[in-house]
Amino acid sequence: MAIYAPARLDRRQALLRAADSLPPFSPVVNLLLAKLSRQDVRFSEVSELIEKDTVMAGNLLRVANSALYGFAGTINSVRHGLAILGIEKTRNVVLAVSMTRFWSRDPEAEGWSSTAFNLHSTAVAILADLLVQYVPAEYPEGAFTAGLFHDLGKHLAASALPKEFAAVQQDIQRGGARFEEAESFHYGILHPELSAAALERWNLPQPIAEAVRWHHWPRPAGRSGCFSLSQILNVAGACVNSLGYGFAFSAPEVCSSPEEALAPLSLGDRVPRLLDEFRAEVEVLRCFF
């Protein structure tokens, strides 16, 4: 990781203060995620909570009625939608859709697109969640959340330091600088570290924060054969970028194809099926952004 320029320590502190001031999840989302994390959760408990948030309820029914789930007939109750989606997919939908409601306003930085940012983040989350179903990985239950918030630091930087955010993008695009050099110079902190700091302030599990912190410099698979969650995020990000869902230049991993990006996981002939599943899930959620 980069050595921080002393002259940028003030900006580093400003960005960490921005992480401190992040809005919390809504009370309904907090309660919902707590219930969804329990193994003995009842659909009735979850449906009662979701029904208290009309926007969330409508979005969940919209997903449940999508062609992805192929149910014959209309699903018009939250409880029925839960039965179709299952607990894990419901959690993912709640997180992905709620993400767009965290911010009081969009960053005003030149080149910023909240639509592209949300779509990229959700695409990485979806692919990471699929990958841990295909290969053994450490802390697989955190893959979706880690993917969804892996670039949260970019949002904080664009919000708190819009001119510097634009300068970072220009340095990378026009000057060919690596993101470590550009962010260290303009921010005094790198976006993965800032993302992890924000997740720690949200009290999310430490394995998620650590995977986010190291997703550009992942630890390889250990002796157990399990891939690290940081490596899952790294591969998911490279693959998503190769498929055209990239946003805000930063990745040192440039792959010409999804097959090249996925090669470190040795998926073999399972790649086409994985990519079909990924595309189908992204298409269902992209309409929310």
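Every number here is computed from the coordinates shown, using simple stated rules; none is lab data. The structure displayed is predicted, hence computed values, not measured ones. Neighbour counts run over all protein chains shown; Cβ positions are idealised from the backbone, glycine included.
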Gaussian network model of the chain, Cα springs within a sub-10 Å range: biggest mean-square fluctuation belongs to which of Lys52, Lys154, Lys35?
Lys52
Only helical DSSP H runs with n ≥ 4 go in: add -39500 (n - 2.57) per run for the chain, normalise by residue count and round the 222 nm mean residue ellipticity to 500 deg cm²/dmol.
-19000 deg cm²/dmol
Mind running the shape call on the range 186-260? Use the C-alpha gyration tensor, a ≥ b ≥ c as the square roots of the eigenvalues: rounded below 1.5 for a/c, prolate if a/b tops b/c, oblate otherwise.
oblate
What angle, in degrees between 0 and 90 and rounded to the nearest 10, separates the Cα long axis of helix 78-99 from the longest principal axis of the Cα atoms of the chain?
10
Quick note on Leu156, Leu95, Leu16, ordering by fewest other C-beta atoms within 10 Å, gives Leu16, Leu95, Leu156
Least to most buried among Cys287, Cys239, Cys255 (fewest other Cβ within 10 Å first):
Cys287, Cys255, Cys239
Taking square-rooted eigenvalues a ≥ b ≥ c of the alpha carbon gyration tensor, is the chain rounded, prolate or oblate, where a/c under 1.5 means rounded and, failing that, a/b exceeding b/c means prolate?
prolate
With a/c under 1.5 counting as rounded, go ahead and sort the range 41-184 into rounded, prolate or oblate using the C-alpha gyration tensor (a ≥ b ≥ c being the square roots of the eigenvalues; past the cut-off, prolate if a/b is larger than b/c, else oblate).
prolate
For Ser266 and Val28, compute 0.36 nm times the residue count separating them, minus their Cα-Cα distance, and round to one decimal in nm.
81.7 nm
May I ask for the angle, rounded to the nearest 10°, between helix 229-242 and the longest principal axis of the chain, with both axes built from Cα atoms and the value confined to 0 to 90°?
90
Hull surface divided by four, with the convex hull built on the Cα atoms of the range 24-101: how many nm²?
4.8
Going by C-beta contacts inside 10 Å, put Arg62, Arg273 in order with the fewest on the left.
Arg273, Arg62
Could you run the Karplus curve 6.51 cos²θ - 1.76 cosθ + 1.60 with θ = phi - 60° over the range 184-191 and give me ³J(HN,Hα) per residue in whole Hz, x for Gly and Pro?
4, 5, 8, 9, x, 7, 9, 4
Work out how much length Cys226 to Asp40 would gain on full extension: take 0.36 nm times their residue separation and subtract the Cα-Cα distance, in nm to one decimal.
64.2 nm
Could you grab the relative contact order for the range 85-220? Cα pairs under 8 Å, six or more apart, rounded to a whole percent.
24
At 7 Å along Cα-to-Cβ for each site, give me the label-to-label distance between Ala166 and Thr54 in nm.
3.9
Roughly how many nanometres apart are two label points built 7 Å out from the Cα toward the Cβ at Arg273 and Asn203?
4.1
So, relative contact order of the chain in percent, Cα under 8 Å, 6 or more apart, is 23
Tilt relative to the chain, helix 162-175 - C-alpha long axis, 0 to 90 degrees, to 10
70
Any residue on another chain or 5+ positions along whose placed amide H is under 5 Å from the amide H of Tyr187 is listed here as none
May I ask you to list the aspartates and glutamates whose Cα is less than 12 Å away from that of Lys35, ignoring any residue fewer than eight positions away on the same chain?
Glu45, Glu48, Glu88
